[in-house]
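Colleague: First the structure, which I've put down as structure tokens, then a few questions once you've had a look.
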Amino acid sequence: DQQVKQNSPSLSVQEGRISILNCDYTNSMFDYFLWYKKYPAEGPTFLISISSIKDKNEDGRFTVFLNKSAKHLSLHIVPSQPGDSAVYFCAASIKAAGNKLTFGGGTRVLVKP
Amino acid sequence: GAGVSQSPSNKVTEKGKDVELRCDPISGHTALYWYRQSLGQGLEFLIYFQGNSAPDKSGLPSDRFSAERTGGSVSTLTIQRTQQEDSAVYLCASSLVGGNSYEQYFGPGTRLTVT
């Protein structure tokens, strides 16, 4: 039972355009959501997070949107840069349960110059 | 500042041998997590330590897996009698507890290959 799903395994976008990554979850107990970026042979790098009490959080080029009623979140990267090419993981946790992360399967993003 | 470090970066072992993987968390982080990423699988939670509390072992796949955290800092993940399905990248993460931030910061991982 996959509680966090990223239905797009890959995404290709032109440099300078917007990248939109999507993530769906099924467990309504999740109250904290995070996005990580991962390069090959490296550990995941934290990008941005959002608490379930908010519906938007912005940090520079990265914005995360949360739609609790739809159990859906998305990550917008604008403008996309070639260095953004990586695998992006959505993760969710329950703060009262120790914040163990449940990850989606990842979306591979390729930003073309 | 120094991030999470893990050693070794790569480990090749024969089926049936025991292995130990080490994690040094970020100084001052009281929470420590182990995850693994198997070929074709996503990242999955293994075990969680928080301060002096009993660890949450709910993600360990079998009793061949164990972990300890000494002095509230360094952690060791031990896999006994390794099997080929244990081949994966084992990732350690640490985080602060409290306040409004719950981000976990990951180390580079240990790639374990069981032959």
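Colleague: Considering only C-alpha atoms, what is the centroid distance from the range A:1-70 to the range A:76-113, in Å?
Modeller: The range A:1-70 and the range A:76-113 have Cα centres spaced 5 Å from each other.
Colleague: Here's a follow-up. For B:Lys15, list the aspartates and glutamates whose Cα falls under 18 Å from its own Cα; do not include residues on the same chain fewer than 8 positions away.
Modeller: B:Asp63, B:Glu85, B:Asp86
Colleague: Quick one: Karplus J couplings for the range B:64-73, per residue in order, coefficients 6.51, -1.76, 1.60, θ = phi - 60°, nearest Hz, x for Gly and Pro?
Modeller: With the stated coefficients, the range B:64-73 comes to 7, 9, 8, 8, 9, 9, 9, x, x, 10 Hz.
Colleague: What average number of partner chain Cβ atoms lie no more than 10 Å from the Cβ of the residues making up A:95-107?
Modeller: Neighbouring Cβ atoms belonging to other protein chains average 5 per residue here.
Colleague: Tell me, Kirkwood radius of the range B:58-110 from alpha-carbon pair distances, in Å?
Modeller: With all distinct Cα pairs of the range B:58-110 included, I get 13.2 Å.
Colleague: Which of the trypsin sites (Lys or Arg not before Pro) found in the range B:21-105 are loop residues per DSSP with 12 or fewer other Cβ atoms within 10 Å of their Cβ?
Modeller: Answer in residue order: B:Arg81.
Colleague: While we're looking at this one, here's another question. Compute the distance in nm between two label points, each set 7 Å from the Cα along the Cα-to-Cβ direction, one at B:Gln83 and one at A:Ala96.
Modeller: So the label points at B:Gln83 and A:Ala96 sit 3.5 nm apart.
Colleague: Now a separate question. Highest first, please rank the peptides A:89-102, A:41-54 by the mean number of other Cβ atoms sitting within 10 Å of their residues.
Modeller: The densest-packed peptide leads the list: A:89-102, A:41-54.
Colleague: Averaging the inverse of every distinct alpha carbon separation and then flipping it gives the Kirkwood radius. What is it for chain A, in angstrom units?
Modeller: The Cα-based Kirkwood calculation yields 14.0 Å.
Colleague: What FRET efficiency comes out for B:Ser5 versus B:Arg64 if R0 is 22 angstrom and r is the Cβ-Cβ distance? Round to the nearest 0.05.
Modeller: Once rounded, the FRET efficiency stands at 0.30.
Colleague: Taking each residue of A:30-43 in turn, how many C-beta atoms of other protein chains fall within 10 Å of its C-beta, and what is the average?
Modeller: The mean count of partner-chain Cβ atoms within 10 Å per residue comes to 3.
Colleague: Hey, another quick one. How big is chain B by Rg and Dmax over its Cα atoms, in Å?
Modeller: 13.6, 45
Colleague: Got a sec to turn the phi values of the range B:52-61 into Karplus ³J(HN,Hα) couplings, 6.51 cos²θ - 1.76 cosθ + 1.60 with θ = phi - 60°, whole Hz, x for Gly and Pro?
Modeller: Here the 3J(HN,Hα) series is 9, 6, 5, x, 8, 9, 4, x, 5, x Hz.
Colleague: So if I place +1 on the C-beta of Lys and Arg and -1 on the C-beta of Asp and Glu, and nothing else carries charge, what would the dipole magnitude of chain B be about its Cα centre? I want it in debye, nearest 20.
Modeller: Dipole about the Cα centre, nearest 20: 180 debye.
Colleague: With only alpha-carbon atoms counted, please give the Rg and Dmax of the protein assembly as shown, in Å.
Modeller: 17.6, 51
Colleague: All other residues with a Cβ under 13 Å from the Cβ of A:Gly106 taken together, and with Lys, Arg as +1 and Asp, Glu as -1, what is their net charge?
Modeller: Local charge sum for A:Gly106: +3.
Colleague: Calculate, for B:Glu14 and A:Ala41, the FRET efficiency according to 1/(1 + (r/R0)^6) with r their C-beta to C-beta distance and R0 30 Å; round to the nearest 0.05.
Modeller: Rounded to the nearest 0.05, the efficiency is 0.80.
Colleague: What's the local net charge at A:Gln6, with K and R +1, D and E -1, over the other residues with C-beta under 12 Å away?
Modeller: Overall, the nearby charge balance is +1.
Colleague: Tally Lys and Arg at +1 and Asp and Glu at -1 over the other residues with C-beta under 13 Å from the C-beta of B:Phe65: what net charge comes out?
Modeller: -3
Laboratory data are not the source of any read-out in this text; all were calculated from the coordinates shown. Model, not experiment: these values are computed from the prediction. As a convention, Cβ positions derive from the backbone with ideal geometry for all residues, glycine included, and neighbour counts pool all protein chains shown.
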